[in-house]
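First up is the structure itself, then whatever we jot down about it.
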Amino acid sequence: MAVARTHAITALTDGRYPNRLDREAFYPVAYRWMYYSRRMDERLFELFQKGYAKGTVTTGIGNEATSVGMTMPLRSGQDVVSVMHRDLASHLILGAEPYDLFCQYFANAESPTHAREGNCHHGDAAMRRFPMISHLGKMLSLVVGGTWAARRSGESVFGLTVVGDGGTSTGEFHESINLASVLGVPVIFVIENNHYAFSTPTRAQFRCARLSDRAAGYAIEGKTIDGTDPWLVYSTIYDCLEEMADDSAPRIIECDTLRLQGHAAYDKAGYVDPKQLEIWKRRDPLPRTRSELADVCGLDESAIAAIESGVDEIIEAAVKRALAVGRPSPTTHPMSAYAKGGAIRVPACQAKRVKNGDAVNRALDYLLEQDRRAVLLGLDIGVYGSAFKTCKGLIDRHGPDRVIDMPICESAGIGFCLGASQVGVRPIYEFQFSDFSTEACTQVGLNSGTWFFRSGQPAPLLLRLPCGGGLTMGAFHSGEFEGLWSRFPGLKLLYPATAQETFEALVAGYHDPNPCLVLEHKLLYWSKSGDIDFDGDLARVWRSRTYRNGNELTVVAYGAMVHECLRAADQTRRSVEIINPFVLHPLDIAPIVSSVKKTGRLLVVQESGETQGLGNRIISLVARGCHDALKTPPQLISSPDLPIPFAPELEGYTRPAWERIALVIEQACRQNASGDGKRAMH
């Protein structure tokens, strides 16, 4: 009868919030998952040694009580979760199949990630189980964003996210908890303190007595518990969920847990004192929990053995089946960094004599009005209207729940947006200056940029980057960084130069299923104006822009340099073709190549430093695409490879201006293949 009862409750239909199990019902379920995790880890270790399991195999041996206890109360597909590499049990409880997990570790043809991502970097984003990345602390903010988004739509859900003791040393740990506290997002931050971050002991990581003590700094509750006691972990998490249902405040739970093996299969953990290891082994949660089956539940040895043998059979069948699967092929599941969007038409918009800054405001107002999923986030974008007033009045028209002033936390801010994008929100995030986007390199480039490739789920983010010089703001407020962001696959990068292009870039970037970065040159916000005549056809937006046709020279420019080049061309008698690629990444070089085949000459003008922008990339692609058509070597005009200077005299000297461009246009058009082609002006 006891065995029958055990099997009946393994579905956990009664153990998840809001239905709490009692101790007698809890232990058979918990032990089964703990044993499941232990045996899978042991088999993976063996299979790694035999060459079947690939990559960095990390095991959760010793951590099973924490992993099982914290996850059993959660509702798969409802609550938002991100767990760590030692939480195999959590994945199983939340719906992962053993066969799929073995395929993932074998990197075979039926791997859930199509063998694109490493063993422990898996999850199910569609089921709100976010796949982790190796950068410690970076997943915390995603759970905050996902939980916030779900509750915004009226769902009574919670978040649970995990970080190790070492990960608490990262800035993202602080940013994420502070953000959750400020916004009142009910997320449990579980710290798995196993006393070592790889080989670094906790005494070299922090000085506080307990990591949970840090909760006081965020005006939230924190608690340290014995992470080797699954019932205590389960009860504590359950208590938190019930409390958060009332106050919506986050919590920190530090679990004093164990890592009974090295950091990974290749690590023999010689840095751990053998005496200490023996003490830890006596706290091994698996045999302790097994004894509770007899002491608390009254199960005899045969009943316990039946639980174990049932698990063993499932695992061995999954291993056998997974080992028979062939190797992955790039043709079976073609690899792409980009999610495909459908052909979308949206309402048209027209306006006369609009400045670029007003075009930003109109586009944001348009998006917030047209789509209730749209939310604008950033620094000082609310009552203040943003640093350059491009968000002026939006909070009055759409309310503080859709125009949200964020703490200074660019990295966690983007992680928050990425998580929210997976739970029905379409975030628009403004970096106050493009320069500050470097704070979020990992979240933008490595987490958001790779999201579709590794999870199969789109990551629709619109990121706004006010950029460029000419306003005497110095080195930390004048950068562009198109060269940096173009190095990350999976991102799309747009750089408009006119009011029409600015409006189109923001609307098209918003509706695209990929992370889209729109560079908005600050100098153009209030110095340039034009008409907006947007017909609503988003497919037409993703193209280069030609401002004038010519047959002597092709000039490629973007941002403020478009207007410098147009003025320069007006001062010459040369037939100059001026093109803005507009979509800088992924770059469509074909229109530029076609133009150069006609003119035989190429000049690229960029505000970035010579090696910092895309100019050399464009020149390289053109040289490959139409080398025989070139009458002269391509030329590049750029700023020097220096930080942007502050004084207007120095900044004006370094930034390309129309006079300098006009001189080079004239020189380039005079050159031919046998003339002074080697002379380029930078």
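See the values below:
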quantity	calculated
Amide H contacts under 5 Å for VAL604, placed H, 5+ residues apart	VAL556, GLN635, LEU636, ILE637
Cβ-Cβ FRET estimate between ASP371 and LYS340, R0 fixed at 25 Å, reported to 0.05	0.80
Computed over the stretch 354-439, the ratio Rg/Rh where both radii use C-alpha atoms and Rh is Kirkwood	0.94
Between the stretch 512-589 and the stretch 174-192, the alpha-carbon center distance in angstrom	42 Å
Computed [θ] at 222 nm, deg cm²/dmol, the chain (DSSP H ≥ 4; -39,500 (n - 2.57); rounded to nearest 500)	-11500 deg cm²/dmol
For the stretch 26-95, the fraction of alpha-carbon pairs in successive 10 Å shells from zero, as %	21, 49, 25, 5
Average projected area [Cα convex hull, the stretch 115-257], square nanometres	9.1 nm²
Global size of the stretch 306-348 as Cα Rg and Dmax, reported in angstrom	21.4, 66
Shape of the stretch 505-658, Cα gyration tensor, a/c cut at 1.5	rounded
Taking N as its residue count, the alpha carbon Rg of the stretch 1-147 over 2.2 N^0.38 Å	1.06
Taking all pairs of distinct alpha-carbon atoms in the stretch 349-540, Kirkwood radius in angstrom	16.4 Å
Span from the the stretch 459-497 Cα centroid across to the the stretch 281-331 one, whole angstrom	51 Å
Semi-axes of the equivalent ellipsoid for the stretch 252-319, Cα gyration tensor, largest first, Å	28, 19, 12
Inter-part distance where the stretch 81-127 and the stretch 17-47 are each reduced to a Cα centre, Å	17 Å
Positive-end residue of VAL383, ALA180, GLY509, charge dipole of the chain with Cβ unit charges	GLY509
At 0.692 mPa s and 37 °C, Stokes D of the stretch 575-630 from Kirkwood alpha-carbon radius, µm² per second	281 µm²/s
Equivalent-ellipsoid semi-axes of the chain, from the Cα gyration tensor, Å, largest first	54, 27, 22
The stretch 2-323 - Rg over Rh from alpha carbon coordinates, Kirkwood radius	0.94
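Each value in this text was obtained by applying a stated rule to the coordinates, not by laboratory testing. Since this is a predicted model, take the numbers as computed values, not measurements. All Cβ positions, glycine included, derive from the backbone under ideal geometry; neighbour counts span all protein chains shown.
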